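Below you'll find the structure, written out as structure tokens, and then a few comments.
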Amino acid sequence: MSLHSVPGPIGIFDSGYGGLTILEGIRRLMPEPDYLYLGDNARAPYGTRSFEVVYQFTLQAVKRLFDEGCHLVILGCNTASAKALRTIQQNDLPEIDPSRRVLGIIRPTVEALGGLTRSGHIGVFGTPGTIRSRSYEMEVSKLYPDFQVTGQECPMWVPLVENREADSPGADYFVQKYVDMLLTADPKIDTALLGCTHYPLLIRKIRNAVPREVQVITQGDIVARSLRDYLARHPEMDAKISRGGSCRYLTTESASKFSEMGSLFLSKHIEAESIIL
């Protein structure tokens, strides 16, 4: 049996901890597969980095997950999905191994928005990198040319989460500030997407800050349903996934630091391994 046909875990990559919210959504829906999470925490955040640097870092991570036996890798990071996915799919996969797959989280998120908004006015909360890449506007315009998308940069939300301030009164101020800025820019918004995987840790405050008629959407469940549908349509890939219900965590930072922060994101204790990319 060649290495290419040995079943392996589903790989999930993020620049930091946020992709754990994607992993959690996927594991809730599909607990049977094995999973391998890789966080490039030593070089996070990616949101402020150039396209070229994000692409190089993401490619290194994807190659590492392939080396660990993954046939399918999910970029559980909006910045990597925006800045690196297409180049890796078009230029690198054909050379590395045409049978392997790398999927992002922006496209499936946008596909789901069509069935959620009634007004056709969508707000996106994101990092400066994601918002300035205009990835959501571009993807939405391809699928739903009549929809109006308004992006709102939220530079303080990730630091609040990573400094364990998500439940603090200070977080209330910065949540309300960005919500008000978004709804001032387009008062007709009825669907607000959390376009960064850290933001679900602030969701209670965000839902309290928006008017009742505005629904707040997270990506974990959307990506999970999309992945399940993808595997149903691609049985050849489904057959390459090992199913032991296990999950390993790799980080380019200190393993103990990742275990501590990761436990905050997942609300349970985890053990990570430190690697060098």
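The values are calculated or read from the model by the stated rules, or taken from the named source; none is laboratory data. What you are looking at is a predicted structure, and each value in this text was computed from that prediction instead of being measured. Note that each Cβ is placed from the backbone with ideal geometry, even for glycine, and that neighbours are counted across all protein chains shown. Accessible surface is based on the protein model in full, side chains and every heavy atom, while ligands, DNA and RNA are left aside. Shrake-Rupley method; radii C 1.70, N 1.55, O 1.52, S 1.80 Å.
Just checking, does the range 81-91 include any residue being under 17 Å from the mean Cα position of the chain (by Cα), under 24 Å from Glu260 (Cα atoms) and of a type outside the set (Phe, Trp, Tyr)? No, the range 81-91 contains no residue that is under 17 Å from the mean Cα position of the chain (by Cα), under 24 Å from Glu260 (Cα atoms) and of a type outside the set (Phe, Trp, Tyr).
Which one of these is part of a loop (DSSP other than H, G, I, E, B), among the small types (Gly, Ala, Ser), farther than 30 Å from Glu32 by Cα and open to solvent by less than 30 Å² (accessible area, probe 1.4 Å): Ala171, Ala166, Ala192?
Every option except Ala166 fails the conditions.
Entry remark, the range 220-263: residues being in contact (Cβ under 8 Å) with a residue 40 or more places away in the chain, among the hydrophobic types (A, V, I, L, M, F, W, C) and surrounded by fewer than 16 Cβ atoms within 10 Å (Cβ to Cβ) number 1 in total. For the range 262-276, a residue qualifies if it is assigned to a loop (DSSP other than H, G, I, E, B) and either in contact with a His (Cβ under 9 Å, 6 or more places away or on another chain) or modelled with pLDDT under 90 (or both), and exactly one does: Ser267.
Any residue that is within 22 Å of Tyr46 (Cβ to Cβ) and either charged (D, E, K, R) or touching a residue at least 60 places away in the same chain (Cβ under 8 Å) (or both) - is there at least one of those in the range 170-188? Among the residues of the range 170-188, not one is within 22 Å of Tyr46 (Cβ to Cβ) and either charged (D, E, K, R) or touching a residue at least 60 places away in the same chain (Cβ under 8 Å) (or both), which makes the answer no. Identify, by number, the condition in (1) touching a helix residue (DSSP H, G or I) at 6+ places or on another chain (Cβ under 7 Å); (2) farther than 30 Å from Gln152 by Cα that Pro235 doesn't meet. So Pro235 meets the others, but not (1).
Filtered by the rule that a residue be of a type in the set (Phe, Trp, Tyr) and either open to solvent by 10 Å² or more (accessible area, probe 1.4 Å) or within 19 Å of Asp238 (Cα to Cα) (or both), the range 26-80 gives Tyr35, Tyr37, Phe51, Tyr55, Phe57, Phe66.
How about the range 88-153: which strands (runs of 3 or more DSSP E) wholly inside it have at least 1 residues that are buried (at least 18 other Cβ atoms within 10 Å of the Cβ), modelled with pLDDT of 95 or more and of a type in the set (Phe, Trp, Tyr)?
121-126
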